[in-house]
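Working notes, structure below.
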Amino acid sequence: MDPWAEVRLRARACHAEALQEAGGDRAAVAIVAAAARLRDIEVVPFEPGTRFGPGILGVYERVGPLISVDASLPPGRREIVIAHEVGHHEMGDDPVVEVTSVDAAPGAAARIVGYSHRERREMAADVFAGEFLCPADWLRTELVDRGRRPAEIARDLGLPAHVVTKQSIRAVCLPPLRAPAPRPSNRHPLDPVQTEAATWDGGALLVEAGPGTGKTATLVGRIVHLLTDGVAPSRLLVLTFSTRAAAELRERVAEAAPDAAGALWIGTIHAFGLEVIHGWHHRIGRGPRPRVLDRDGALELLERHLGALPLAIFRDLRDPATGLAPVLRAIERCKDELVTPEDYAAAARAAAFDGEGEAVAIAEEVAAVYAVYQRLLDEEDALDLGDLVAVAARLLAENDDIAGHYGDRFAHVLVDEVQDLNHAATSLLQSLCGPGTTLWAVGDGRQSVYRFRGADPTAVADFADAFGGSTMALDCTYRATPEVVSAFAAFTSTMPGGAVTWTAQRPSGRPVRLLSAPTLAGEVVAIRDRVEELRTDGIGYGDQAVLARTHRVLERIGAGLERHGVPISYLGDLLVRDEIRDLLAVVSIDAEPGGLGLLRVATRPPYGVPRPAVIAVIRWAAKQGISTSDALRRARTVPGVDPAAARGLALLGRHLAAAGPAATAWTAMTQWLFETHGATTLADDARPPMHRVAVYQLLRLAAEEGTNRPEFVARVRRIAALGGGRDHGVVAPEAQTDDAVRLMTIHAAKGLEWSAVHLPMASSRHVPLMQHRDACPPPPDLARLAMSASDHDAEERALWFVALSRARDSLTISRAERYGDARDARPSPFLAHVGEIEASRHADPGLAEPAVPLTPQAPRPVYPTGELDTWLRCPARYRYETIDGLADASPPSGHRRLMRAVLTAGRRIEDAATAGTSPTYEEGEAALATAWAADGPVGHRHERHYRGVADRMVARLTEIVATEVGAIHHRGPWIIDVGTGRIAVRPHRVIEHPWGAVTIQIVGVRRRDQPRIAGLAAALSIGARQAFPDARVTVELLDPDDGEVVEADLVDDEAVVERYREAMVEIERGVFAPRPDPRRCPSCPFFFVCGA
């Protein structure tokens, strides 16, 4: 549920009281004045810099009570500050609170580590102020039922427009706010073993707590015991490993000890590490508030400094972030294990001394990038996620006075989920828990599912050695029925540590079910029937969950359930959803050259522009060299655009211009949704609720960024390329609803429970997952950074154990006998160890797949291989580029422009050699300068890096041409007859040697790129043999950046020809369905309009 629900409900109640006091006047100035009168709060202005420090907007003093507010604030903002301080009066207990900002959007730090006590207090006051001044329930009525716009309402209330817009997003996109549901009535007093653990006074203690054994209840019992025993709440430090767990603990402690809850430090270990760094920043040469980077922010930092990175193996000129991602993951693991750049470099040198090969080169490159990355973090006063724990651990380990400070401050440290400790976190705890500080921890080594990021399940087994303490196990489980408990208990026989049994305290219930069907379609129907059966039996949609190992499985099951009418709470990859692409297309029209977003936007109501007219405008704008906005204004002059289409385009142009050229992405999207089109369209009840939730999450991402539109669109593409769309698609707590089945990965489900759990696709291909090759294997001296095969197997078993143990009343497993065109799918080997299962087989539904729409095309006399390769990769892109003629509507990628400039310069160098002049480096540089100005990636965000690469490439080409023996040919395309048509292939370089051999070179391609250009290489081989029938033909890959030349591995000619034949036949049939690829799609110019 909404973590701020109680704050919002309190704000609404205060608003209702103030509205009555104000005689029904909703104006902000009247509402805050009424609220102050009701509470006897005196509100006084102060001149900036006279009574309080610089930057202070307002001060609340509980004695009085008194609110002081900056007299220079404009109307509206003044009322927001007062409302913020009223929130402090209503909800806090601080004697004095100074306010320096309001309406701050949560950034990466809050998303990664949660809020500190101060940040949580200020965020709660911000939330209170928004809901108090403009309640979302009232606002929804105004927006949806009365059709009003936020700007109009803001004027009436006397508030800044963005405040009302933020409330509008919540009012329209999220489920109605409800009072928190009462806690389950099955709470029980602590049993004897739990009581012994909660009241332990024998030093450090680890409580081993299996699923449903009352881990959280015992932890809360421990806190209450210490408070009752006279320990001041400020002497307790409670650490968790997730913001969700921290929020639940705060809520549970507030119920059990409301007077003390606010003074306890409860939060994630990362949040605590950040607090340590804030408090002692001067010891590490940092500012008082260093910036916290999420993974995308870290990659962005590296991308901005590409030229400083010594990249070779991980250089990816097409998409630098993709090449850097595995290096960054390796660095993250280093920080988990407190491995410094110097440590890694030493291990890499040792590996180089003992051996050679790619593994050594990888280690050396990672070491070099790590050193640069850490320097950049220091220079920009930034921290990444690993730093939050690692830097804090070093501060305490290396400074006795800092460790002593926290030892004096905290008498008791309590840790939840101790099995999730990595080496850095263990080191931090060891420094915290010196003499006079008692450690009390709870965990379950069988639920250690974060080994991939360094979690060490042996922290449970080795607790006594590490902390000199004792262990105790909870042996009764209260959550699940005996049938469910038997299932997960039976599976422990396959896990490290052997079989474990728990005593189930609930009466017997439903048997564990295994559903099987011939195909995935049948499996989905079987799950649907089971969901509905349980719903009829009293288990609503909201108390059922589908859990899977990967999002790919969830997407397939979720799409099927939605088709069969089952409401689900799941977004999948946020950035490829239709409603999200609709909005991103709007933003991209002015944010990216070419205006391709028009394809998706202009054809929709209220514009209704025919697709050919939209294409005509895009192509005309590119030809004229004018902006999209200019083209829309002049649409009536574009050939092929009739008057009705011109009117629609002109209307669209006015709508796009309404936000203003300097508007951020958030402003542009909210203007479009709420001002231009009105909330009624978005709130249309015919749309699935997840549609509105997805819009909410995109706007939340845009609010975090606060960047201009081009930067935001570029970041969205980067997030998508790195698979982050699914991270941003995790449904926010405030967006969850009680009437939809939850779909979650098993990792995300850890710590949660439902009445009924469904585990789909339990085949050997999906459970367990195979281990992927490590792109950055560590050097031998740091082997602990890698996940061993045995660790991977143990983690897969832990995940299955977690999945089995999330159910309270009903556990259903399902599988299909075949998935897609693959061979028969065997049952997961884990099914043999789940105990007694009631199995049933279900028939396929016999539903036909929807027909793919066809757009037949007339045969062409010749098909260039480049275009056919485009079709083979993605038929939809072929349609946009070749049939619609939009290949040149937007600038080519930076990499393509780089290579175009290099090849142009290379031809000029070759011309000099053909004329009998040995080319010089100076001539090569001059040729590149000319080609760069005409064809290079001028203005690209990586231009400086690309230019450095181009300089090296041209220098190398100059050297190669100067020393080459043979005649250089500049040939037009070779035409190859393939039976059903003809294909054309154009070589980069052709060298005819005097000894009767011919070398064909593909420039700018590396050994690892061979699979991508296999068809091109084979076609060039065929064409060269036709052009030089008596010569021995060799096709080479030339990477002039590092001088690598390798012979291409040629595939069978007939196989290549057959692929091209197939492409030509399918093109002429009109098959242009998208072929999604998570790596290629985000860099496609048509990513935001795909399907339009």
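The values are calculated or read from the model by the stated rules, or taken from the named source; none is laboratory data. As the structure is a computational prediction, the values presented were derived from the model and not from experiment. Cβ coordinates were reconstructed from backbone atoms using ideal geometry, including for glycine residues, and neighbour counts include every protein chain displayed.
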Report yes if R577 is at pLDDT below 95, closer than 18 Å to S763 by Cα, under 23 Å from the mean Cα position of the chain (by Cα) and surrounded by fewer than 22 Cβ atoms within 10 Å (Cβ to Cβ), otherwise no. no
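Table: residues versus (1) under 38 Å from the mean Cα position of the chain (by Cα); (2) loosely packed, with under 13 Cβ neighbours inside 10 Å; (3) at negative phi; (4) in a helix (DSSP H, G or I).
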site	(1), (2), (3), (4)
I1022	no, no, yes, yes
R1025	no, no, yes, yes
V1033	no, no, yes, no
E1062	yes, no, yes, yes
V1065	no, no, yes, yes
R1075	yes, no, yes, no
Looking at the structure I just gave you, is L743 of a type in the set (A, V, I, L, M, F, W, C) and over 15 Å from the mean Cα position of the chain (by Cα)? yes
Residue that is nearest to D1041 (Cα to Cα) [pool: residues in the stretch 963-1017 that are touching a Leu at 6+ places or on another chain (Cβ under 9 Å) and of a type in the set (G, A, S)]: G1004
Hits in the stretch 523-581 (condition: of a type outside the set (D, E), over 21 Å from R692 (Cα atoms) and assigned to a loop (DSSP other than H, G, I, E, B)): G538, I539, G540, R549, T550
Restricting the stretch 967-983 to residues that are in contact with a helix residue (DSSP H, G or I) (Cβ under 7 Å, 6 or more places away or on another chain) and assigned to a strand (DSSP E or B), which is modelled with the lowest pLDDT? I968
Tally time: how many residues in the stretch 874-898 are assigned to a loop (DSSP other than H, G, I, E, B), surrounded by 20 or more Cβ atoms within 10 Å (Cβ to Cβ) and either without any contact (Cβ under 8 Å) to a residue 24 or more places away in the chain or of a type in the set (F, W, Y) (or both)? 0
Subset of the stretch 512-521 [in a loop (DSSP other than H, G, I, E, B) and surrounded by 17 or more Cβ atoms within 10 Å (Cβ to Cβ)]: V512
Please verify whether the stretch 347-370 includes one or more residues that are touching a His at 6+ places or on another chain (Cβ under 7 Å) and in a helix (DSSP H, G or I). no
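Mind listing whichever residues of the stretch 210-247 are of a type in the set (G, A, S) and without any contact (Cβ under 8 Å) to a residue 40 or more places away in the chain?
Here is the first cut: in the stretch 210-247, the residues of a type in the set (G, A, S) are 210, 212, 214, 217, 221, 230, 232, 234, 242, 245-247.
Within the stretch 210-247, A217, G221, G230, A232 qualify.
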Cβ pairs under 8 Å, 6+ apart or interchain, first in the stretch 756-772 and under 26 Å from T481 (Cα atoms) and in contact (Cβ under 8 Å) with a residue 40 or more places away in the chain, second among the aromatic types (F, W, Y) and crowded, with 18+ Cβ neighbours inside 10 Å, ordered by first then second residue, are M761/Y819; A762/F830; S763/Y819; V767/W800; V767/F830; P768/W800; P768/F830
It is to be established whether one or more residues within the stretch 989-1007 are polar (S, T, N, Q), in a strand (DSSP E or B) and more than 17 Å from R318 (Cβ to Cβ). yes
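Quick grid of which residues meet (1) surrounded by fewer than 19 Cβ atoms within 10 Å (Cβ to Cβ); (2) touching a helix residue (DSSP H, G or I) at 6+ places or on another chain (Cβ under 6 Å); (3) among the acidic types (D, E):
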residue: A694; (1), (2), (3): no, yes, no
residue: A702; (1), (2), (3): no, yes, no
residue: T707; (1), (2), (3): yes, no, no
residue: P733; (1), (2), (3): yes, no, no
residue: D739; (1), (2), (3): yes, yes, yes
residue: A749; (1), (2), (3): no, no, no
Being of a type outside the set (S, T, N, Q) and crowded, with 23+ Cβ neighbours inside 10 Å is the filter here, so list the residues in the stretch 661-673 that pass it. A665, W666, A668, M669, L673
Give G307, G297 a once-over and let me know the one that is surrounded by fewer than 21 Cβ atoms within 10 Å (Cβ to Cβ), more than 20 Å from the chain's Cα centre (by Cα) and closer than 30 Å to G948 by Cα. G307
Step by step: first the residues of the stretch 491-511, then only those that are surrounded by fewer than 19 Cβ atoms within 10 Å (Cβ to Cβ) and not in a loop (DSSP other than H, G, I, E, B), then the one that is farthest from the chain's Cα centre (by Cα). Which residue is that? T503
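Which count do you get for residues in the stretch 380-407 that are small (G, A, S) and either in the same structural domain as R304 (by TED's automatic domain parsing) or under 22 Å from I331 (Cα atoms) (or both)?
Here the count works out to 6.
Let me confirm something: among V1051, V978, V1005, which residue is free of Cβ contacts under 8 Å to residues at least 60 places away in the same chain, over 35 Å from the mean Cα position of the chain (by Cα) and surrounded by 15 or more Cβ atoms within 10 Å (Cβ to Cβ)?
V1051
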Filter the helices (runs of 4 or more DSSP H) completely within the stretch 1-118 down to those with at least 3 residues that are over 35 Å from the mean Cα position of the chain (by Cα) and either modelled with pLDDT under 90 or surrounded by fewer than 17 Cβ atoms within 10 Å (Cβ to Cβ) (or both). 5-21
Lone unmet requirement of (1) in contact with a Ser or Thr (Cβ under 6 Å, 6 or more places away or on another chain); (2) surrounded by 19 or more Cβ atoms within 10 Å (Cβ to Cβ); (3) not aromatic (F, W, Y) for L1038: (1)
In the stretch 451-476, which residues are at pLDDT below 80 and assigned to a loop (DSSP other than H, G, I, E, B)? G454, A455, D456, P457, D462
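Restricting attention to the stretch 825-865, which residues are outside any loop (DSSP other than H, G, I, E, B), in contact (Cβ under 8 Å) with a residue 40 or more places away in the chain and surrounded by fewer than 14 Cβ atoms within 10 Å (Cβ to Cβ)?
Correct list: P829, E838, A839, S840, R841.
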Restricting attention to the stretch 913-931, which residues are part of a helix (DSSP H, G or I) and not acidic (D, E)? A913, T914, Y921, G924, A926, A927, L928, A929, T930, A931
Consider E910 against the criteria (1) in contact (Cβ under 8 Å) with a residue 24 or more places away in the chain; (2) farther than 20 Å from H969 by Cα; (3) part of a helix (DSSP H, G or I): it satisfies all of them except one. Which criterion is unmet? (2)
